[in-house]
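I'd like to ask you about the structure that follows.
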Amino acid sequence: MIKPHQVISLGGGSNVAQLTQAIAAAKLPLQLFSPSNDTRQLGAKLKLQIAAQPPVSAIDLAFDGCDSLNQQLQALKSRGGIHTLEKIFAAQAKRYCILAPRSRMKTQLDPALPLTLEVIPLASNQVINWISQFNNYQPQLRKTATGTPQLTINGNQLIDCYATNDWQHITEFNKKISQFNGVVGTSYFENLVTEALLFDPDEKVHYLRKDELK
C-alpha cells in the first residue's frame, strides 16, 4: 500500500508501532508524520524522522488503530486520549486505514467503550452536568492514578461518556455534544475511515474498503 516518496501519517498504538518498525526496515524514502508522542519516540529509536505537525499538502495515506469498529467502518478511538489530534491528520488524509484485530469489528460499536470527549478544564463540570440529564449516558472525568484529572497534550481534560445500553444513536449524540461550548473533540470517527486491515489470531489479514461495503 505504501509507495516511495508518499506522505504518510502514523497514529498511535501497538499495531501502528509494528508498522513503524516495518517502514524502518524497508528503508523507503517517505515523509512521515504522527500525532503520537510514543510513535515519534519509537521513530527516533529506529532512525526515522517523524514530524509532529501535519504537512501543508495532503497526506497520501494515514494509518491508525482503534478500540471498536462497526461494519460501516465508523470507529471509536477512546482509550489513548489523543483523538482530537488524530482527527486532524485523518481529515487531511486521502486514505485513512485502520489496523486492528478482526475481533474489534462488530455490527455495532462496543457499548463497553466510552465516547471520550476532550474538554477545556473550565467547561468540564458544565459538560458533565449536561450529559447527566440524559438517562442513556453516564459521564465520568478521567483521572490519573493519583486522582488528579488526566490532561491531554493540549492541556485539556478527558470525559468518558458511557452508554447505559448501546451505541445505536451515537451519531446523533455525538453531533449534540460536539456543539457544546468547551468540547474540543470526540473519539467517534464518523465517515473518516476509508479502509481497514483486520487480522485474525492466525495472522490472516482481511482488507476492507468502505466504498465496497453495502
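For region 171-211, which trypsin sites (Lys or Arg not before Pro) pass both filters: DSSP loop (anything but H, G, I, E, B) and at most 14 other C-beta atoms within 10 Å?
When the trypsin sites (Lys or Arg not before Pro) of region 171-211 are filtered for loop state and at most 14 Cβ neighbours within 10 Å, LYS204 remain.
Search the structure for amide H atoms under 5 Å from the amide H of VAL184, placed 1.01 Å from N in the peptide plane, and list their residues when 5 or more places away or on another chain.
GLU118, VAL119, ILE120
Where does each of LEU73, LEU197 land when they are ordered by accessible area, with a 1.4 Å probe and the largest first?
LEU197, LEU73
How large is the translational diffusion coefficient of region 1-119 in µm² per second when you combine the Kirkwood radius over alpha carbon pairs with Stokes-Einstein at 4 °C and 1.567 mPa s?
88
May I pose another question? So what is the relative contact order of region 43-185, in percent, for Cα pairs below 8 Å that sit 6 or more residues apart?
Value for region 43-185: 24 percent.
In whole Hz, what ³J(HN,Hα) sequence does region 61-75 give by Karplus (6.51, -1.76, 1.60; θ = phi - 60°), x for Gly and Pro?
8, 10, 10, 7, x, 7, 8, 7, 9, 9, 6, 9, 6, 8, 10
Within the chain, how many Lys pairs sit with Cα atoms under 16 Å apart, leaving out pairs fewer than 8 places apart on the same chain?
Lysine pairs satisfying the spacing and distance rule in the chain number 10.
Here is a further query. Working from the alpha-carbon coordinates of region 122-214, get Rg over Rh, Rh being the Kirkwood radius.
Ratio of gyration radius to Kirkwood radius for region 122-214: 1.07.
Still on this structure: Excluding ligands and nucleic acids, what accessible area in Å² is computed for ILE159 using a 1.4 Å probe, to the nearest 10?
Number for this one is 0 Å².
Additional query: For the chain, with a Gaussian network of springs between Cα atoms less than 10 Å apart, report the residue from ASP38, ASP200, ASP60 with the top mean-square fluctuation.
Evaluated over the chain, the most mobile residue of the options is ASP200.
Right, here's the next one. List the residues whose amide H sits under 5 Å from the amide H of ALA62, counting only those 5 or more places along or on another chain, with H placed 1.01 Å from N in the peptide plane.
Residues meeting the criterion, in which the H sits 1.01 Å from N, are SER9, ARG95, TYR96, CYS97.
Mean-square fluctuation check for the chain, GNM, Cα pairs under 10 Å: which of ALA91, ALA145, ALA26 is largest?
Highest fluctuation of the listed residues: ALA145.
When only Cα pairs under 8 Å and 6 or more residues apart are kept, what is the percent relative contact order across region 50-127?
Averaging sequence separation for qualifying contacts and normalising by length gives 39 percent for region 50-127.
Still on this structure: Roll a 1.4 Å probe over the protein heavy atoms and report the accessible area of VAL184 in Å², nearest 10.
Here the residue's solvent-accessible area equals roughly 70 Å².
With θ set to phi - 60° and the Karplus curve 6.51 cos²θ - 1.76 cosθ + 1.60, what are the ³J(HN,Hα) couplings of region 101-115 in order, to the nearest whole Hz, using x for Gly and Pro?
x, 4, 5, 7, 8, 10, 4, 10, 5, 5, x, 6, 9, x, 7
OK, next. Rounded to the nearest 5, what % of DSSP beta bridges with both residues in the chain are antiparallel?
55
With the alpha-carbon atoms as the only input, what is the per residue convex hull volume for region 54-179 in Å³?
Residue-normalised Cα hull volume stands at 129 Å³.
Let me ask something else. 5 Å is the cut-off here: which amide hydrogens, built 1.01 Å from N in the peptide plane, fall below it relative to GLN6, excluding neighbours closer than 5 in sequence?
The answer is GLN31.
The values are calculated or read from the model by the stated rules, or taken from the named source; none is laboratory data. These figures come from a predicted structure and were not determined experimentally. Backbone-built Cβ (ideal geometry, glycine too); neighbour counts: all protein chains shown. Side chains are part of the model used for accessible areas, which takes the heavy atoms of the whole protein and leaves out ligands, DNA and RNA. Shrake-Rupley method; radii C 1.70, N 1.55, O 1.52, S 1.80 Å.
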